[in-house]
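The values are calculated or read from the model by the stated rules, or taken from the named source; none is laboratory data. Keep in mind the model is a prediction, meaning the values are calculated, not measured. Cβ: placed from backbone, ideal geometry, glycine included. Neighbour counts: every protein chain shown. Heads up: the accessible areas ignore ligands, DNA and RNA and are worked out on the full protein's heavy atoms, side chains in. Shrake-Rupley method; radii C 1.70, N 1.55, O 1.52, S 1.80 Å.
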Amino acid sequence: MSHIPVLLNECIEGLNINPNGIYVDGTLGRAGHSLEILKKLDEGKLIAIDRDADAIVEVQKIFADYEEKVIAVHGDFREIEKILKDHNVEKVDGMLFDLGVSSPQIDNAERGFSYMQDAPLDMRMNRIDSLSAFDIINSWQEDELSKILFEYGEERFSRSIARVIVNERTKNKINTTFELNELIYKAIPAAARRKSSHPSKRCYQALRIAVNDELNSIVSMLVAAPSLLRLHGRLCVISFHSLEDRLVKKAFAAGAKGCTCPPDIPICVCGEKPTLKLITRKPIIASNDEMTNNPRSKSAKLRIAERI
């Protein structure tokens, strides 16, 4: 499947692009959003970041006509402040972060992101990272496994699944996605297996988040990003599940509120001022047409804030 950028028009409109501004695409993927940003730039620049080295290699041809306007960086958006500093950039006019896994990562069986294809248990967005899904499944304690499946995957049968996994690995290493699928299937009650979503869906989400430390990366980015925006610069974030969206919503709300005093104190004593204005009070979701043409957009939520 080719990569189709999610909420593309909404993101471009939300960024309110200045043709001579500096922009960041913190999740380059296959450059779907980046390319549209570049088309809007005259003298402006785009810094495109991805923690997957494959993405940096693959987009070189796509960026061929925009070499003077784009810098592709292999890195983690949690280090956005350092990345900008390394490229002598103090402030930018807009940032976009699409928190989903890119289609090529899912569709490339050997990466181990998909429960629909048999592959080694991997799930590393950055292949030089040491921790893989194999390591978690085969070495983490039962209570640790249960905890991440419940907290990151919101899997209500997390304890049963963790128990089955730990019992199995005492006999044989669990090496592949299909081997893991069989264990998950075995651990979930028959009535729950008959529901529409795949029995492994929540577990794979949890493992991917744990392998890539995704939530901590998002928190670090959300803390750093507002101070790196110029006045009226826009921050656009697309999330794909409730854990991500809650972090974005909370960070945006805190930035828009400013004051950190307890609600029972009648007068502000902290002196903190708002740094963000909410452009979207409620998240933007995909249209029915987009959901039909790109099923991966069904769970996407876009939130936008502006630096004040």
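Structure above, values below:
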read-out: Every residue from the stretch 265-308 that is acidic (Asp, Glu), under 20 Å from residue 5 (Cα atoms) and either touching a Leu at 6+ places or on another chain (Cβ under 8 Å) or assigned to a loop (DSSP other than H, G, I, E, B) (or both); value: 290
read-out: Sole residue being open to solvent by less than 60 Å² (accessible area, probe 1.4 Å) and either at pLDDT below 95 or not small (Gly, Ala, Ser) (or both), chosen from 279, 284, 267; value: 284
read-out: Any hit, the stretch 102-117, residues being among the small types (Gly, Ala, Ser), in a loop (DSSP other than H, G, I, E, B), over 22 Å from residue 306 (Cα atoms) and touching a His at 6+ places or on another chain (Cβ under 9 Å); value: yes
read-out: Matching residues in the stretch 176-214 - criterion: being outside any helix (DSSP H, G or I) and either surrounded by 20 or more Cβ atoms within 10 Å (Cβ to Cβ) or in contact with a Phe, Trp or Tyr (Cβ under 7 Å, 6 or more places away or on another chain) (or both); value: 188, 198, 199, 200
read-out: Any hit, the stretch 43-55, residues being part of a loop (DSSP other than H, G, I, E, B), more than 24 Å from residue 216 (Cα to Cα) and modelled with pLDDT of 95 or more; value: yes
read-out: Residue 24 in a loop (DSSP other than H, G, I, E, B), hydrophobic (A, V, I, L, M, F, W, C) and touching a residue at least 60 places away in the same chain (Cβ under 8 Å); value: no
read-out: Cβ-Cβ under 6 Å pairs, at least 6 apart or on other chains, the stretch 243-259 side more than 14 Å from residue 100 (Cβ to Cβ) and free of Cβ contacts under 8 Å to residues at least 60 places away in the same chain, far side open to solvent by less than 10 Å² (accessible area, probe 1.4 Å) and in a helix (DSSP H, G or I); value: 247/218
